[in-house]
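Below is one structure, written out as structure tokens; the observations come after it.
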């Protein structure tokens, strides 16, 4: 009877297994598309170490985890404690943002998510910009509120991200500046009349 409630693709839970304590700072579910530095899109679970994601730079950590804390945010299924760049122009926990809805993960009580860690601690999804799993360089020594405070402390960075979101090209399939690095966007923000680079 337990298999009736098993998530598709998930191996059977051992009979002796108990429901784990869920890490609260994890990531997105299988199939969530992340924009790569070359402008392509890849499902989060297929992204490898050393690949480069847009804004975040090189992937220096990746994994797979179980969570019991899932929300639907702008069409994506993500853990509620994940930090996203919200419509208010700052980073917020998904569970604290307007429009986020708890996602029913079923009777089994857990869902598989795929954490990424990047050098710049950023990821671009189809509908929004997100922090990565670590959120900051010093996350090991920080409490969640401290990490969120650090994410929101750099006003120039927040203004840059707000401009990127309002411009909108980053979420589609149009070409974007070479490598898609945060520094490249910051340079563009300082200029005038930015246009996406033409397709090759």
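The values are calculated or read from the model by the stated rules, or taken from the named source; none is laboratory data. What you are looking at is a predicted structure, and each value in this text was computed from that prediction instead of being measured. Every residue, glycine among them, receives a Cβ derived from its backbone with ideal geometry; neighbour counts consider all protein chains shown.
Tally the residues that are surrounded by fewer than 17 Cβ atoms within 10 Å (Cβ to Cβ) and either modelled with pLDDT under 90 or under 16 Å from residue 77 (Cβ atoms) (or both), restricting the search to the range 34-59.
Residues meeting the conditions: 2.
Strands (runs of 3 or more DSSP E) wholly in the range 51-108 with at least 3 residues that are in contact with a helix residue (DSSP H, G or I) (Cβ under 9 Å, 6 or more places away or on another chain) and more than 23 Å from residue 162 (Cβ to Cβ) - which ones? Before the answer, list the steps.
Values: elements: 57-62, 65-67, 70-73, 76-79, 83-85, 91-93.
Because the criterion is at least 3 residues that are in contact with a helix residue (DSSP H, G or I) (Cβ under 9 Å, 6 or more places away or on another chain) and more than 23 Å from residue 162 (Cβ to Cβ), no strands (runs of 3 or more DSSP E) in the range 51-108 meet it.
Please go through the range 161-200 and give me each residue that is exposed (fewer than 11 other Cβ atoms within 10 Å of the Cβ) and at pLDDT below 70, ordered by number.
Selection gives 190, 191, 192, 193, 195, 198, 199, 200.
Consider residue 89 carefully, then state whether it is out of contact with any strand residue (DSSP E or B) (no Cβ under 9 Å at 6 or more places or on another chain), in contact (Cβ under 8 Å) with a residue 24 or more places away in the chain, closer than 22 Å to residue 181 by Cα and surrounded by fewer than 18 Cβ atoms within 10 Å (Cβ to Cβ). Steps first, please.
Numbers: out of contact with any strand residue (DSSP E or B) (no Cβ under 9 Å at 6 or more places or on another chain): yes; in contact (Cβ under 8 Å) with a residue 24 or more places away in the chain: yes; closer than 22 Å to residue 181 by Cα: yes; surrounded by fewer than 18 Cβ atoms within 10 Å (Cβ to Cβ): yes.
Answer is yes for this residue.
For the range 134-157, what are the residues that are surrounded by fewer than 19 Cβ atoms within 10 Å (Cβ to Cβ), at pLDDT 90 or above and part of a helix (DSSP H, G or I)?
Of everything in the range 134-157, those that are surrounded by fewer than 19 Cβ atoms within 10 Å (Cβ to Cβ), at pLDDT 90 or above and part of a helix (DSSP H, G or I) turn out to be 144, 145, 146, 149, 150.
Name every residue in the range 129-150 that is under 14 Å from the mean Cα position of the chain (by Cα) and on the phi < 0 side of the Ramachandran plot, in order of residue number.
Step one: of the range 129-150, the residues under 14 Å from the mean Cα position of the chain (by Cα) are 129-136.
If the condition is that a residue be under 14 Å from the mean Cα position of the chain (by Cα) and on the phi < 0 side of the Ramachandran plot, then 129, 130, 131, 132, 133, 134, 136 are the ones that fit.
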